[in-house]
Amino acid sequence: MDKVSGNGQSEGRKGIATMTAMDNRIGCPICDAIYTLSPEQARGATRCRQCGYRLTLGRGAAIARVVGVSITNLALMSLVIFMPFLDLRAGTFHNRASVFDAILGFSEGIMVPLSIAVLGFILVLPLSRFLLLIYALGPVLMGWRNFPQAQLALRWSFLLKPWAMAEIFMVGVAVALVKLAGMATISVGPAFWAFAAVVALNVYKDTFMCRNTLWTAIDTNT
């Protein structure tokens, strides 16, 4: 594993590092050191030479965690869709709402675009990401040949990441709960906790989701 400075000069024993593709470069999120990993190195566990941060987990461990978390998130999202999210009581008024109820609440008049946006960013795009990751990496984990267009599926899973906004939705819900706490009695349903678990697992997954390792696994599993 060669360390590379900002101008592309290698500080390893080989002098000048040869860059065959930008995907071979990986940066340490702690100290910002940049390294060039060969396909063989990307399949194993590597650490930063400066701070010791684990850059890659190794092909087997990384793929097993990514696929496992994606499957878990799919199961949790099914609970989010079909189970109650919030229960609101204010005097004689009582309303139990699911995520779909919240989306349908904006489905009339000029609010229709907002309803479509919430549906896409909160449910469709996160679900699509999980399915794409399972489709692309599941065969690698099982020891099968890649499914057709596995590389494209993995690429789209990365492209969709900034647009899957489950975390933003939970922040908005938390703010709403604080504002409504003095006006009504609010209790959270199982869908709330399932959605919170999805957000937490997503953050956890992103901490070990090394693109270099995943691309190497796809490219060598043909």
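The values are calculated or read from the model by the stated rules, or taken from the named source; none is laboratory data. Everything numeric in this text was worked out from a predicted model, so none of it was measured. Counting neighbours? That spans all protein chains shown, and the Cβs are built from the backbone with ideal geometry, glycine included. Protein only, heavy atoms only, side chains kept; ligands, DNA and RNA dropped before computing areas. Shrake-Rupley method; radii C 1.70, N 1.55, O 1.52, S 1.80 Å.
Within the range 166-222, if we keep just the residues that are more than 18 Å from the chain's Cα centre (by Cα) and of a type in the set (Ser, Thr, Tyr), the residue that is modelled with the highest pLDDT turns out to be Ser187.
In the range 112-165, the residue that is nearest to Ala217 (Cα to Cα) out of those that are open to solvent by less than 30 Å² (accessible area, probe 1.4 Å) and not in a helix (DSSP H, G or I) is Leu160. If you filter the range 92-111 down to residues that are part of a strand (DSSP E or B) and open to solvent by less than 80 Å² (accessible area, probe 1.4 Å), you find that the one that is modelled with the highest pLDDT is Ala97. Within the bounds of the range 163-184, is there any residue that is more than 18 Å from Gly120 (Cβ to Cβ) and touching a Lys or Arg at 6+ places or on another chain (Cβ under 8 Å)? Checking the range 163-184: at least one residue is more than 18 Å from Gly120 (Cβ to Cβ) and touching a Lys or Arg at 6+ places or on another chain (Cβ under 8 Å). Within the range 185-205, the set of residues being part of a helix (DSSP H, G or I) and touching a residue at least 40 places away in the same chain (Cβ under 8 Å) comprises Pro190, Ala191, Phe192, Ala194, Phe195, Ala197, Val198, Leu201, Asn202, Tyr204, Lys205.
For the range 39-53, the criterion of being modelled with pLDDT under 75, farther than 25 Å from Ile134 by Cβ, of a type outside the set (Phe, Trp, Tyr) and not in a strand (DSSP E or B) is met by at least one residue.
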